[in-house]
1. I'd like the Karplus ³J(HN,Hα) series for region 91-101: coefficients 6.51, -1.76, 1.60, θ = phi - 60°, whole numbers in Hz, and an x wherever there's a Gly or Pro.
2. For region 79-141, which trypsin sites (Lys or Arg not before Pro) pass both filters: DSSP loop (anything but H, G, I, E, B) and at most 14 other C-beta atoms within 10 Å?
3. If you place +1 on the Cβ of every Lys and Arg and -1 on the Cβ of every Asp and Glu, how big does the dipole about the Cα centre of region 2-164 come out, in debye to the nearest 20?
4. Give the peptides 13-24, 132-143 in descending order of average Cβ contacts within 10 Å, highest first.
5. Given that just one value was derived from the coordinates, which of (i) 16.1; (ii) 17.9; (iii) 16.9 is Kirkwood radius over Cα pairs in Å?
6. If I stretch the segment between LEU164 and LYS125 completely, what's the gain in nm (0.36 nm per residue apart, minus their alpha carbon distance), one decimal?
7. To test your reading of the geometry: what angle, between 0 and 90 degrees and rounded to tens, separates the Cα axis of helix 152-164 from the longest principal axis of the chain?
8. Relative contact order (percent) for the chain, with alpha-carbon contacts under 8 angstrom and 6 or more residues of separation?
Amino acid sequence: MQLDCKELGMVMTIVKSSKDTNGKSLEMEWTLSPNSGGTPIHIHPTAIETYEILSGELEVFKKDKWITAKAGEKIIIEKGEPHTFKNTTDEIVRVYNTHQPAMEFENFFKGLHKFAKSGLIKDGKMNFKSIVGISTLWTNYPKEIVSVKPPLFVMKLMGCYGKLIGINFK
């Protein structure tokens, strides 16, 4: 299944779903657009995430520093480890990404696809309304993903506001 999130600079293809792995993992192949940002710095409280670079170079923030990962390299993010990623090059980057265990990550990424297609992102840029929208998504999956920067309380506040005005991605 392909989740086209070009508005966010990425296309994700689910290679192995939670159902395929009996909940052990969610495995995806990502294509990241040139000069595309990633997510806010976050943790996965009870899951391990890996980035295996298939082509290009990916910048990964792990704990407290940025690391450049090149094709053939793999970065493992342990449970509770602050991280994010971005493509700072003029080339497309392909990444094999896993979350172990699968938990509800597949639904989270399907919600991300809905968010990307919602029309809240204008010209590839986030604004207040789109930040509220993404906050509703993130706060719907607290066992999977927890924002570190911005702080969780800010994300929760924005998510509550979004739900009050009828914006919710799940």
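1. Once θ is set to phi - 60°, the couplings for region 91-101 become 10, 5, 10, 10, 9, 9, 10, 10, 10, 10, x Hz.
2. Passing both the DSSP loop test and the Cβ count: LYS79, LYS117.
3. 580
4. So the order, starting with the most tightly packed, is 132-143, 13-24.
5. (i)
6. So the chain would gain 11.7 nm between LEU164 and LYS125.
7. So the inclination is approximately 50 degrees.
8. 25
Readers should treat all values here as calculations from the given coordinates under stated rules, not as data from a laboratory. Predicted model only: the values in this text are computed from it and were never measured. Neighbour counts run over all protein chains shown; Cβ positions are idealised from the backbone, glycine included.
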